[in-house]
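Here is the structure we will look at.
The values are calculated or read from the model by the stated rules, or taken from the named source; none is laboratory data. Because the structure is a prediction, the values reported are computed rather than measured. Neighbour counts run over all protein chains shown; Cβ positions are idealised from the backbone, glycine included. Areas reflect the complete protein model, heavy atoms only, side chains present, ligands, DNA and RNA absent. Shrake-Rupley method; radii C 1.70, N 1.55, O 1.52, S 1.80 Å.
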There are 2 protein chains.
Amino acid sequence: MPENAIARTPTPPYYAVIFTSRRTDGDQGYGEMAERMLELAAQQPGFLGVESVRGVDGLGITVSYWSDEKAIAHWKANTEHLGAQEGGKKTWYADYCVRVAKVERDYGKPS
Amino acid sequence: MPENAIARTPTPPYYAVIFTSRRTDGDQGYGEMAERMLELAAQQPGFLGVESVRGVDGLGITVSYWSDEKAIAHWKANTEHLGAQEGGKKTWYADYCVRVAKVERDYGKPS
C-alpha cells in the first residue's frame, strides 16, 4: 500500500475510526510505534483500509476503516495495541480524540 | 480557532464528512481557496467543527463535523463551494474520496 494512497473501501455501510491527535515534542519512539501499528492493524479481521496524515504543525488525522463494531473492538483489545495506547496517553500525545462513525455513503474522483 | 486544534464537538450523534484527497502539482490558487472554504464552512448552519491536515507527500484529510444530513446538503449546495468543487475536480486534486458518516461515540484525552 503506497503511503499516500486513498483507501479503496467497499460499498457502504462500514465503519470509520477517526483518530485526531496532537503530538508532544520529540520522537521518543513514536515513529517506530506508529509504523508498527499501521502494519498490525492491516492484519486484523475486518480491516478495510487506513489513511494517515500528520502535518508539520503536529496535528495528525488517521482514519481506519472496518467492517463492523466487532472488528473495531477486537483491534482495540489487541495486546500490542493496548501497549501503544498506554504510551500514547502517557508520552506521545498532548491530546487526542477518537470518533467511531458509521459510513453511510461515499463518492469521489478515482485515481 | 487555532489551525492545529482538535474540534470540540458535542456529544454524539452527529455527522462527519471525511474528505481525503491527493493534490496535483503546483498551487494554482489552491491554498487561497482551501483557506476560504474553511472560513465559509464555519459560517454555515449546523457546522460543528473541522480538522484538516495535509502531509508533505500530498495526501490530505479534512474532517468536517455537522449536526445532521440537512446541514451537509446545504453546505454542498453553497454556490461558492460548488465553484471550489469544480476546481477541485478539474485542477487541484489528482483523486479524492468523500465519505459521509454518522458519529456514534467518541472518547479521548482532552487538552
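B:SER21: surrounded by 15 or more Cβ atoms within 10 Å (Cβ to Cβ) and small (Gly, Ala, Ser), yes or no? Answer is yes for this residue.
Look at A:ASP27 and say whether it is assigned to a strand (DSSP E or B), acidic (Asp, Glu) and either surrounded by 15 or more Cβ atoms within 10 Å (Cβ to Cβ) or away from chain B (no Cβ under 12 Å) (or both).
no
Mind checking which residues of the range B:35-59 are in contact with a helix residue (DSSP H, G or I) (Cβ under 9 Å, 6 or more places away or on another chain) and modelled with pLDDT of 95 or more? B:ARG36, B:MET37, B:LEU40, B:ALA41, B:GLN44, B:PRO45, B:GLY46, B:PHE47, B:LEU48, B:VAL50, B:SER52, listed by residue number. Scanning the range B:58-111 for residues that are open to solvent by less than 60 Å² (accessible area, probe 1.4 Å), in contact with a strand residue (DSSP E or B) (Cβ under 6 Å, 6 or more places away or on another chain), among the small types (Gly, Ala, Ser) and within 10 Å of chain A (Cβ to nearest Cβ) turns up B:GLY58, B:GLY60, B:ALA94, B:ALA101, B:GLY108. Taken over the range A:30-57, the criterion of being among the polar types (S, T, N, Q) and within 11 Å of chain B (Cβ to nearest Cβ) is satisfied by A:SER52 alone. Listed by first and then second residue, the pairs linking a residue in the range A:63-92 that is under 11 Å from A:MET37 (Cα atoms) to a residue that is open to solvent by 50 Å² or more (accessible area, probe 1.4 Å) and assigned to a helix (DSSP H, G or I), with Cβ atoms under 7 Å apart and 6 or more places separating them unless they lie on different chains, form an empty list.
Among the residues of the range A:7-18, which ones are open to solvent by 30 Å² or more (accessible area, probe 1.4 Å) and under 12 Å from A:THR62 (Cα atoms)? Residues satisfying the conditions do not exist here.
Residues that are closer than 28 Å to B:PRO10 by Cβ and among the acidic types (Asp, Glu): list the strands (runs of 3 or more DSSP E) wholly contained in the range A:44-111 that include at least 1 such residues. I'd like the intermediate steps shown before the answer.
Values: elements: A:47-54, A:59-66, A:93-109.
By residue number, A:47-54, A:93-109.
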